Structures are given as structure tokens and as C-alpha cells.
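One structure is given here, and the rest of the page talks about it.
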């Protein structure tokens, strides 16, 4: 080892010219950097392809319940807007925008005679319908990728109720993930104000009053209060989405909130 140090690293490596050794070292570093970037690009492309496949499955599920499919686009952007209004950082809010549209992916497994039934569901039919939350989480899988982990969390928790009377696990209060509490409120308002197979759309004012009436029972009071406080902005964003009809791919973009619908 002493001889190695005495000779100097370049000479020990068979490189008598220090400049040549430095140039070779820089090439190695450059090559490693390129390989690292290519690896990360490949992983991002794989994650995007995975997300697009799941989003298309969500779209298929949504088309079975809403023949426009635009509900899931609104869900993404409205959930992001509400998360930001609640003080969440931009990165997490954007992740929720990408995850929220998959909230009802489990409906792909609900029979049409239940999903499209125009009247009230029987107890047995309600049990079948309620399984979609767990089915959605199962479809999304137990992934450690942040996006799919959040999407699974949303699918499983967005029908929990703040008072503990929801499903599938009967969680209450802060035990319900924030993502589920946000998506529950957004889904409620958006679903009320769209035409469904069993009823026409409810007017915005009435829907907001109904949401306020469920404060502390169905919904987190803080989430409801912020939604109601920002109701004009939320409705305006929804209307821009309805007017511009952005592509589903807009949910995957790195654009700032609303850029695809302004």
C-alpha cells in the first residue's frame, strides 16, 4: 500500500499522465450519470404507463355509471384545489389530483343491475355496492410507489364517515386518511350536481346546503368549512372543466393547477 501511494494513483493504475487519468475518470462519471438518468427515465415511463393503465380502467368503470366520464377529471382537479386550500403542499396536492380519479375503480366489479338500478337498493344490493371500496384497493394493490399507495388509500377510505358509520372499516375522525376525507367531500358535491341514471342534477346552492348539513357526520368539519368558504372557486373550476373538457392525460401532467382548463 505504501508503494502504491509513493508511486501515485495514476502510475499505480498504469496511467503515467495525470491529465489522461483525470479525463478517463470524468468519462466514467459522465457514463454513470447517463446510466442513472436513463434508469430514472425508464422507471418514470413505467410508472406513467402503469398509471395510464389504471386510469383507463377507472374510465371504464366511470363510463358504466356516467356516460361522459368527465366526473373523474373533475374529481382530480377539485381534490387538488381543496387540498391546496387546506394548506397541503403542492407536491402532495398534485399527487392527490392523479390519485383521486381512481377512487371508484372498484365499480368495474359491480354488476349493472346494482350499479345502474334507478331506485333504492335493497340491503343485499347495498352490500354488493359497498364492496367496490375494497375491490378498488385490491385492484390498485399494495404498492410502495407513492402515487399508487395514495390511490389505494383513497379507494379504500373515501366512503368512511367522520362519525364512524361508513365503510368498509368503520373509521372515524382523524383515523380516516386526509386523502379520503378530501375525496369524500369533493365526490359528494360533484355527484350531487351531475345528472345520474336515477335523478337529475341538484342545483349548486342546494348541494352546498346539503353538504353543510352533513358537517361532522359524513364529513370532516374542517374540510367542509374550507370547501364552503371556497365554494365559488370550486364551482368556477368545475365549470371550466365542463366547458373545456380536458383530456384525461391532463391529470398526469406537471402543469400547475387549472392550467389545462384555463
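All of the numbers you see were taken from the coordinates with simple rules; none came from a lab. On a predicted model such as this, the values are computed, not experimentally measured, just so you know. Here the Cβ is made from the backbone with ideal geometry for all residues, glycine too, and neighbour counts use every protein chain on show.
In the calculated pair-distance distribution of region 133-256, the portion above 24 angstrom amounts to 35 percent of the Cα-Cα pairs. Among 171, 78, a tally of other beta-carbon atoms within 10 Å of each Cβ gives an order, fewest to most, of 171, 78. The distance between label points at residue 113 and residue 206 comes to 3.2 nm (points 7 Å beyond Cα on the Cα→Cβ vector). Report the gain in length on full extension from residue 142 to residue 239: 0.36 nm times residue separation, minus Cα-Cα distance, nm rounded to one decimal. My answer for the length gained is 31.4 nm. With a Förster radius of 30 Å applied to the C-beta separation of residue 90 and residue 172, the computed FRET efficiency comes to 0.55. Extending 7 Å from the Cα toward the beta-carbon at both residue 149 and residue 228 defines two label points whose distance is 3.5 nm.
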